[in-house]
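Read the structure below first, then the notes.
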Amino acid sequence: MILPKASRLTPEQLAEVTQIVGAFGCHIQPIIGAVRSIYAIVGDERDELMINRLEGLDYIERVDQIQSPHKLMDRRSDLASHRIKVGGVRAGEELLVIAGHCTIDPKNPNLFYETAQAVKEAGAHSLRGGVWKPRTNPYSFQGDNKSLDILMEAHRRTGLPVDAEVMDEHQLRLALDAGVHMLQVGARNGLNYSLLRAIGHAVAEHDTVVLLKRGLHMGPLNEFISAAEYIVAFGNPNILLCPRGTSPALDGYRNHPDESITPLLKEKTWAPVVVDPSHSVGKASYVPACALAAVAYGADGLCIETHIAPSKGIGDDPKQAVTPDVLAALIRDAKQLWALRHPQPAKAVA
Ligand code: PEP
Ligand code: MN
């Protein structure tokens with residue numbers, strides 16, 4: 001929809017915009033108003049170059065797109081009926097819980113095995129464990145390929161599907177070859193389009209799930225949804241959207257907790273929303289409230305850093321991992337909230 005700066009386009013201006021949209025297979029339908037006229041673009045108006053050319057005209061105030069820029073992630077897409085299965089749960093039908101270490105310590109594999117068993121008993125459906133870590137400080141522990149074996153051994157011991165972050169194509173290949181079930185795109189890589197494309201391409205023929213975190217500095221919601229579209233466009237629709245707090249931080253929290261965007265995401269897309277309260281707030285004692293808030297806002301799942309003995313952990317675990325007993329209580333509470341939000345239809349009495 002084109003809005004001119006003046007009350008209507010001159011015949012010369014109308015001819016120019018008609019010629020621009022015509023080059024993209026569209027035509028113009030003027031809607032003449034008593035005070036102001038607007039000009040509908042009829043046809044597929046999603047071509048960015050066409051919009052840029054129109055917005056570049058000095059007599060145009062703005063161009064409003066009616067069609068969603070993300071065809072596959074849009075709520076009205078055919079994919080809306082797609083269900084993503086993780087650890088026996090179909091996202092959207094039951095609260096999905098992913099839990100485990102921020103970082104696997106390759107020197108202490110038993111800690112991870114104990115956590116894995118404990119999160120399973122607490123009710124988690126999938127096990128997370130950082131193998132390679134994006135670290136602000138280049139001298140901090142960056143992860144270790146050995147941790148991939150530990151992650152897969154924890155899968156064999158517990159039967160839980162496993163989730164790990166990949167930051168480049170080499171890690172992507174190693175993770176897929178090892179059989180990792182869920183790939184995490186971290187908050188620093190949500191706008192790394194070559195990585196998003198590489199992941200989309202690599203998982204196209206598989207049922208691997210991708211947990212896409214909201215970028216640390218992402219602005220409009222469309223940026224987040226479009227990042228998901230990059231992956232899904234290759235053919236695998238198993239995508240989970242993960243708000244995890246953004247920058248700048250809210251004083252006192254690690255990031256600006258963003259679980260409240262959940263209803264907005266769900267209005268625009270069909271993809272399940274799995275909130276990460278751990279990175280949102282950055283401190284174990286704040287995690288349960290943030291997790292419950294996420295479920296109250298309508299999240300389909302939670303991703304929670306959990307450690308059998310946080311003080312012995314590495315990476316984020318000493319400060320923000322909850323213990324398995326806290327996780328168990330949180331899951332119980334979160335399920336009650338979930339039930340309030342998803343009332344079951346009363347069974348007919350025979
Ligand atoms: C993590 O999951 O441990 C992590 C580093 O996540 P984020 O990308 O959200 O910071
Ligand atoms: Mn972490």
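If you go through segment 100-128 and keep only what is of a type outside the set (Gly, Ala, Ser), within 21 Å of ARG332 (Cβ to Cβ) and without any contact (Cβ under 8 Å) to a residue 60 or more places away in the chain, you end up with GLN117, LYS120, HIS125, LEU127.
Within segment 296-318, residues that are farther than 18 Å from GLY87 by Cα reach partners that are of a type in the set (A, V, I, L, M) and buried (at least 24 other Cβ atoms within 10 Å of the Cβ) with beta carbons closer than 7 Å, at six or more positions or on different chains, in the pairs HIS307/ALA321; PRO310/ALA321; GLY313/ALA321.
What pairs come out if I take residues in segment 216-230 that are among the polar types (S, T, N, Q) and pair them with residues that are buried (at least 22 other Cβ atoms within 10 Å of the Cβ) and at pLDDT 95 or above whose C-beta lies under 8 Å away, six or more apart or interchain? As it stands, the answer is SER226/MET73, since those pairs meet every condition given.
Among the numbered conditions (1) under 17 Å from the mean Cα position of the chain (by Cα); (2) within 16 Å of ligand 2 (Cβ to nearest atom); (3) more than 25 Å from HIS181 (Cα to Cα), the only one that ILE261 does not meet is (2). Restricting VAL86, VAL131, VAL97 to residues that are touching a residue at least 60 places away in the same chain (Cβ under 8 Å), within 16 Å of ligand 1 (Cβ to nearest atom) and β-branched (Val, Ile, Thr) narrows the list to VAL97. The single condition from (1) among the β-branched types (Val, Ile, Thr); (2) buried (at least 20 other Cβ atoms within 10 Å of the Cβ); (3) not in a helix (DSSP H, G or I) that THR136 fails is (2). For ALA271, state whether it is surrounded by 21 or more Cβ atoms within 10 Å (Cβ to Cβ), in the same structural domain as ALA299 (by TED's automatic domain parsing), away from ligand 2 (no atom under 16 Å from the Cβ) and assigned to a loop (DSSP other than H, G, I, E, B). The answer is yes for ALA271.
Considering ALA178, ALA187, the condition of being crowded, with 24+ Cβ neighbours inside 10 Å, more than 22 Å from SER68 (Cβ to Cβ) and not charged (D, E, K, R) is satisfied by ALA187 alone. Among the residues of segment 216-229, none qualifies, meaning not one is part of a loop (DSSP other than H, G, I, E, B), of a type outside the set (A, V, I, L, M), buried (at least 19 other Cβ atoms within 10 Å of the Cβ) and away from ligand 2 (no atom under 15 Å from the Cβ).
Scanning segment 178-213 for residues that are aliphatic (A, V, I, L, M) and assigned to a helix (DSSP H, G or I) returns ALA178, LEU195, LEU196, ALA198, ILE199, ALA202, VAL203.
Would you confirm, using the coordinates I've provided, whether ALA6 is surrounded by fewer than 13 Cβ atoms within 10 Å (Cβ to Cβ) and outside the structural domain of ASN222 (by TED's automatic domain parsing)? Yes.
Listed by position, the strands (runs of 3 or more DSSP E) contained in segment 5-117 that have at least 3 residues being away from ligand 2 (no atom under 16 Å from the Cβ) are 27-31, 38-42, 60-63. Inspection of segment 140-162 finds a residue satisfying the criterion of being in a strand (DSSP E or B), closer than 29 Å to ALA334 by Cα and away from ligand 1 (no atom under 13 Å from the Cβ). Number of residues in segment 191-215 that are of a type in the set (Lys, Arg) and surrounded by fewer than 18 Cβ atoms within 10 Å (Cβ to Cβ) equals 1.
The values are calculated or read from the model by the stated rules, or taken from the named source; none is laboratory data. Not measured: the values here are computed from a predicted model. Glycine gets a Cβ as well: all are built from the backbone with ideal geometry, and neighbour counts include every protein chain shown.
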